[in-house]
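The values are calculated or read from the model by the stated rules, or taken from the named source; none is laboratory data. Keep in mind the model is a prediction, meaning the values are calculated, not measured. As a convention, Cβ positions derive from the backbone with ideal geometry for all residues, glycine included, and neighbour counts pool all protein chains shown. Heads up: the accessible areas ignore ligands, DNA and RNA and are worked out on the full protein's heavy atoms, side chains in. Shrake-Rupley method; radii C 1.70, N 1.55, O 1.52, S 1.80 Å.
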Amino acid sequence: MRLSKPMKHYYYSFFFTLIVLGLSAPLWAQNFVIKGRVLEAGSEEPLPFVHLFYKEAQIGTTSNMDGYFKLEIYSATLPSDSLIISSLGYKSKRVYITQSVELTITLEPDRTQLDEALVVPGINPAFAVMDKIIANKPSNNPKELDSYTCDEYSKIRFDLNHINDKTKENFLLKPFDYVWSYSNTTKDGVEYLPVLLVENVSEHYYQKNPKDEKSIVKAKKVTGLPGPKILEFVNDLYFSPNVYEDYVSILEKNFPSPLNKNYKNHYHYFLDSNGTGSSKEYHIAFIPKQERNLAFVGEMTIDAATFAVKTIQLRFDIMANVNFVRSYLVKQEFQKLENEHWMLKYTDVIGDFTVIENSSELTGFYGTKRSIFQNYKINQALDPQILKGSQLVLETDSSQLKTEEYWKSARPEELTTLETSLHKMVKQVETDPKFIFRKNLVMGVATGYIPQKTIEIGDVYTFYSYNYVEHSRLKFGLRTAQNLDFPLSGSAYVAYGTYDEKWKYQVAGEFAMGKKDGTRLGLQLTDDIMQLGRSVNAIAIDHIITSFLQIGDATSRLYEQDVKAYVEQNLAVGLEGRVGYFNNTLRTTDTIKFWETNTQGTISEVNNYHSAGLSLSFKYNWQNKKVRGDFYSKENLRKNFRKWPDIGLMATYASKEFGSDFNFQKVKLSLSQHVHFKSIGYFKYYLEAGKTFGTVPYPYLDIPFSNQLVLYDDFAFNLMKYAEFMADQYFTGSVQQHFDGALLDRVPYVNRLKWRSFIFAKAYWGSLSDVNNESQYLFSANSSKISSPYTEIGFGLENIFKLARVDFVWRLNDATQPNTYGFLIKPSFKFSF
């Protein structure tokens, strides 16, 4: 069977993408197996739920009900180290391992732990204590207090870890051998180097009725090399989990708390106790019921009188379906205040991050956070002025202007020698020309923009591309540096098409008038090519990848001259408003024409259409200080779990009074949200409705976003052609259920890949009113009005090699044009925890 030309093009492009995927995959490692059985010394009875941990590979497991265990390690070589075997009530043991082996291990009871343990045949004694802990949660949960306030000092530090000779000889780090004098070594022999330190002093306020809370950052200090990705990790460490809640959210994942009301569904528990009378306390260890579930391994100390948590440790490692984490530990200690309330005193968070989790030698980062809470005031009336406003976290204007004398008095604990020398090391590195060159090189590869002091040259990935209108397109552009502390920012580019022999350009600028209300003035002048129906989420229209990853014919490109001016202001936290002026001209290309009929029925060609007028838009993102006022924005499409849906509203008014060829008005409303489910991942939806009033040519009708690239576009219809359908009133919806590892983690062997599954459906309902259906403006040959709902459904796999996703997409509508696909497999790429 011979494939059609478009189908051949699709498969060539798709297989090219698969090759890229394959090159990004790690080499297959060997499979080493450590298995056996754990027995009680003397009685030879099998021991269930014994924790076995292979330290060097950071891999662990637990024995089953009959004491059997199996530990598989994927590595090029088996790291020689000890297998640590431990169980509450028994003496721990270490067994040195050098190869695959089958063991019989015996553990001796630790009588000092078991003397007061209550054992009832057939019933886990921990359940009786856990039931009382759950029953007393309303009394012990700080969020059930009428109100409280406290001060917090937090210190977040990031260290380059697992430093070895290969690390020091690396091209990026070799010239900076002087930095290793600032490194240190852990007691386990792991060399580390601090690279970033962030300190905060905050005041926290909470009241139950009406429920409200606010945190005020009084002081903030950043020392080190704050790369953008590291700062994202820093934000993920800004939390102190409330273990009394049923679920704890870490790195965008929901972990069941060991105090979950359905605790028996998630954990095995092991009980011990010590002390008598008022000093009596319970020690409870817990492990996941399913070893690869999103759940913790840990232990907690419970006050026997109040059944409140005194201390708790929560840990997960590479067995959990979380990317880039070798291990993650949270420790909390509570203090009893007013002889009644147990309040948080310390929180310590330690994360070991790396690209390949089961590689013990690969250099990564330690992310640590130390939080100290003090000066509590409980059940005292709060000043209403403090809670005024919707902003949950407020940073004072002087927070980053504090003196060193202030910090010396504000720190409850002194900085370590390494931390105090960090500033000296960073200053030495940042002024090193070799560091500046490497930093710019990495930035250029990662973002496409090459820093040059106050400007950045790019996007270099758009400097050459090929399309059917221009053929070879040459381009050069630049923008102001993204971290420039200056109110004026801008960008510009110039391009030339070798076939149409036309110059194109764009000049854009924005002036920030004030920091308090975020008022901005913007202006953009464009004379270039655009594509009808192209998604705002798509890669740049002139990105080099678009030259060879196009599917089928895409003859919907027009020449566009466009002027946009706007003023934008922050109206409240997360609420942005924008008023704008537009002046737009669309001109035909060689492959797409404009046609009109007159009253006599004669068809004539029109060279261009012109529209001009005003626009008004509002955008609401709950607690998002970086929200922008444009209705469509890539920034607003990113995964964010917010309490309330994101809302967008836009109105457009075009009139002949402004020089427009025709009068029309448009309104659009959108609603979207990512919703965390407790144990089955997250749900995502996007809803949008709109209407065009007036008679307009088809380029100014409502055109669904479509995608004719091999790569999947989450915001578009991926089997619809560009400008295939038109409407002047519509409703569109997209729903997705991402299961994370809830399904595939239960499949043996497959769960080792950490793949995640999802399902989705998208639909577009629309119609064309009589005024546009019977107007003098004719559609192009490749476009038609939408007469029935358009629908796409599918499923997919994501987190393939931690960065790839594959969607299996079906189109449920009949084809309206030749070479239309009813089914395609489309890959895409993104990083996620």
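Among the chymotrypsin sites (Phe, Trp or Tyr not before Pro) found in the stretch 452-540, those both in a DSSP coil and sparsely packed, with 15 or fewer other Cβ atoms within 10 Å of their Cβ, are TYR468, TYR499. Computing semi-axes √(5λ) of the Cα gyration tensor in Å for the structure here picks out one of (1) 54, 32, 29; (2) 42, 33, 30; (3) 50, 36, 29, namely (1). Couplings 3J(HN,Hα) for the stretch 819-833, derived from phi with the Karplus relation 6.51 cos²θ - 1.76 cosθ + 1.60 (θ = phi - 60°), are 6, 9, 9, x, 7, 8, 10, 10, x, 7, 9, 6, 9, 7, 5 Hz, where x marks Gly and Pro.
For the stretch 636-760, the solvent-accessible area of protein heavy atoms averages 39 Å² per residue (probe radius 1.4 Å; ligands and nucleic acids excluded). Per residue, the accessible area of the stretch 350-477 comes to 59 Å², computed with a 1.4 Å probe over protein heavy atoms only.
Along the stretch 495-503 the Karplus relation, 6.51 cos²θ - 1.76 cosθ + 1.60 evaluated at θ = phi - 60°, assigns HN-Hα couplings of 9, 9, x, 6, 8, 7, 6, 10, 8 Hz to successive residues, with x for each Gly and Pro. Straight-line reach from LYS625: taking Cα to Cα under 16 Å and skipping same-chain neighbours fewer than 8 places apart, the aspartates and glutamates in range are GLU232, GLU395, ASP397, ASP517, GLU568, GLU576, GLU635, ASP646. Dipole orientation for the chain: of the candidates ILE457, TYR685, PHE758, ILE457 has the Cα lying most toward the positive pole (charges on Cβ; Lys, Arg +1; Asp, Glu -1).
For the chain, the membrane-span-like helices by this rule, meaning whole DSSP H stretches whose C-alpha atoms cover at least 20 Å of axis and whose Kyte-Doolittle mean is -1.0 or above, are 5-23, 433-447; this says nothing about an actual membrane. Evaluated with a Cβ-only charge set (Lys, Arg +1; Asp, Glu -1), the chain carries a dipole of roughly 440 debye about its Cα centre, given to the nearest 20. Share of carbon and sulfur in the accessible area of the stretch 577-617 stands at 53%, probe radius 1.4 Å. Assuming charge only on the beta carbon of Lys and Arg (+1) and of Asp and Glu (-1), the dipole of the stretch 717-769 about its Cα centre is about 340 debye to the nearest 20. Straight-line cross-link partners of LYS93 among the lysines, defined as a Cα under 29 Å from its Cα and at least 8 positions apart when in the same chain: LYS35, LYS55, LYS70, LYS187, LYS264, LYS280, LYS289, LYS310, LYS331. For ALA219, the residues whose modelled amide H falls within less than 5 Å of its own, excluding neighbours fewer than 5 places apart on the same chain, are VAL201.
Amide H to amide H distances under 5 Å link SER390 with VAL573, where only residues 5 or more positions off or on other chains count and H is placed in the peptide plane. The phi-based Karplus calculation (6.51 cos²θ - 1.76 cosθ + 1.60; θ = phi - 60°) puts the 3J(HN,Hα) values of the stretch 403-409 at 7, 5, 5, 4, 5, 4, 7 Hz, whole numbers, x for Gly and Pro. The fraction of accessible area contributed by carbon and sulfur in the stretch 710-762 is 70 percent, rounded to a whole number (1.4 Å probe; ligands and nucleic acids excluded).
Share of antiparallel DSSP beta bridges in the chain, in percent to the nearest 5? If I count the DSSP bridges inside the chain, around 95 percent turn out antiparallel. A 1.4 Å probe run over the protein chains yields, for the stretch 238-340, 36 Å² of accessible area per residue, whole-number rounding. Database remark: amide H of LYS345 closer than 5 angstrom to the amide H of GLU333, PHE334, GLN335 (H placed geometrically; neighbours at sequence offset of 5 or more, or on other chains; Pro and chain starts carry no H). Where only DSSP H runs of four or more residues are counted, the chain gives -3000 deg cm²/dmol as its mean residue ellipticity at 222 nm, each run worth -39500 (n - 2.57). Here the stretch 460-529 exposes an accessible surface that is 61 percent carbon and sulfur, computed with a 1.4 Å probe and the other protein chains kept in place.
In the structure shown, the pairs LYS453/LYS826; LYS369/LYS754; LYS214/LYS684; LYS402/LYS453; LYS253/LYS691 are assessed against 32 Å; a Cα-Cα span above that value is assigned to LYS453/LYS826; LYS253/LYS691. Computed from the Cβ-Cβ distance with R0 of 41 Å, the FRET efficiency linking SER43 to GLU333 stands at 0.65.
When peptides 383-394, 717-728, 700-711 are sorted by average Cβ neighbour count within 10 Å, with the highest value leading, the order is 717-728, 700-711, 383-394.
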